[in-house]
Amino acid sequence: MALWLLTPPEQGPLAFGELDETERRRANAFRRRGDRALYVAAHIALRRLLGGYLRTPPTELAFARADCPRCGGPHGRPVLAGAGPDAPHFSLSHSRGAVLVGVARAPVGVDVERLPGPERVDVCRSALHPYEQQELAGCRAPDRPAFFARLWARKEACLKGMGVGVGGWTSEVYLGEGGPDAPTRPNGWSVLDVPCGPGHAAAAAIRGPAPRTAVHRLPPEAVLIGGRGPGPGRRRSPRACPGPEPILVFDARDAREEELP
């Protein structure tokens, strides 16, 4: 599994023309300029990364939705339209000041969350699993925002990977710290905390055993007009990432111990 972190550029022309009509329409619906720029940067990064893997111009990529595993409707995980069985699986998340993209051989979900204020934690804690709520209550008050963000990032990553999205069932899924009396985590999924620096929490979920994971940081100019994402080159698998060497490689047992420089 490969994970790509991006801090959006503060200035410079984003490659808006690489987005498709649907993405442009959604981008233009944002009222705040910063939210619009974050969305655009995130989708440019996704297109350029996938284009590097597939040796395809970003503008030629088309996206669709897999069937929802709960109801069968066409609103499951995002997929590459018309892609063959060897096409990479991917997931995208962005929160103010940060973008995270995951690419893997198996279904994958990622999430990045800006640390919330204490008030938001109090309002949203009921969306956690009851056992997670107990774990949260056991934290020192100053530590609760980071703990909540870490829990929520795991939860969103896992539910996105499954293709069900975040809904009323968030309180049914346990992704807390574990322990002898803790509920079990979702069967068949590995959920990892992703080091992303101060101010945010991030997680990735992948179907199957936890793989060795490479974390790369994209330079901000990678989403500008004239900038380049990783690749292109020969077609590569998500196990052999295009572009720069990873800034961090970790196993699941190391995920909570490492930090980005």
Those strands (runs of 3 or more DSSP E) lying entirely in the stretch 45-108 with at least 1 residues among the small types (Gly, Ala, Ser): 63-65, 89-95, 98-104
Positions within the stretch 123-139 being part of a helix (DSSP H, G or I) and either in contact with a helix residue (DSSP H, G or I) (Cβ under 9 Å, 6 or more places away or on another chain) or under 23 Å from PRO183 (Cβ atoms) (or both), in sequence order: CYS124, ARG125, SER126, ALA127, PRO130, TYR131, GLU132, GLN133, GLN134, GLU135, LEU136, ALA137
Criterion (free of Cβ contacts under 8 Å to residues at least 40 places away in the same chain and surrounded by fewer than 22 Cβ atoms within 10 Å (Cβ to Cβ)) met by exactly one of ALA106, ALA87: ALA87
Given (1) open to solvent by 40 Å² or more (accessible area, probe 1.4 Å); (2) free of Cβ contacts under 8 Å to residues at least 12 places away in the same chain; (3) at negative phi, index of the condition GLY72 fails: (3)
Residue list for the stretch 1-26, restricted to those being more than 30 Å from ALA106 (Cβ to Cβ) and aliphatic (A, V, I, L, M): LEU14
Residue in the stretch 174-184 that is open to solvent by less than 30 Å² (accessible area, probe 1.4 Å) and not in a loop (DSSP other than H, G, I, E, B) present: no
Within the stretch 160-173, tally of residues that are more than 11 Å from TYR131 (Cα to Cα) and part of a loop (DSSP other than H, G, I, E, B): 5
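The values are calculated or read from the model by the stated rules, or taken from the named source; none is laboratory data. These numbers come from a predicted model, not from an experiment. Ideal geometry is used to build each Cβ from the backbone, glycine not excepted, and the neighbour counts take in all protein chains shown. Quick note on the areas: whole protein, heavy atoms, side chains included, nothing else; ligands and nucleic acids left out. Shrake-Rupley method; radii C 1.70, N 1.55, O 1.52, S 1.80 Å.
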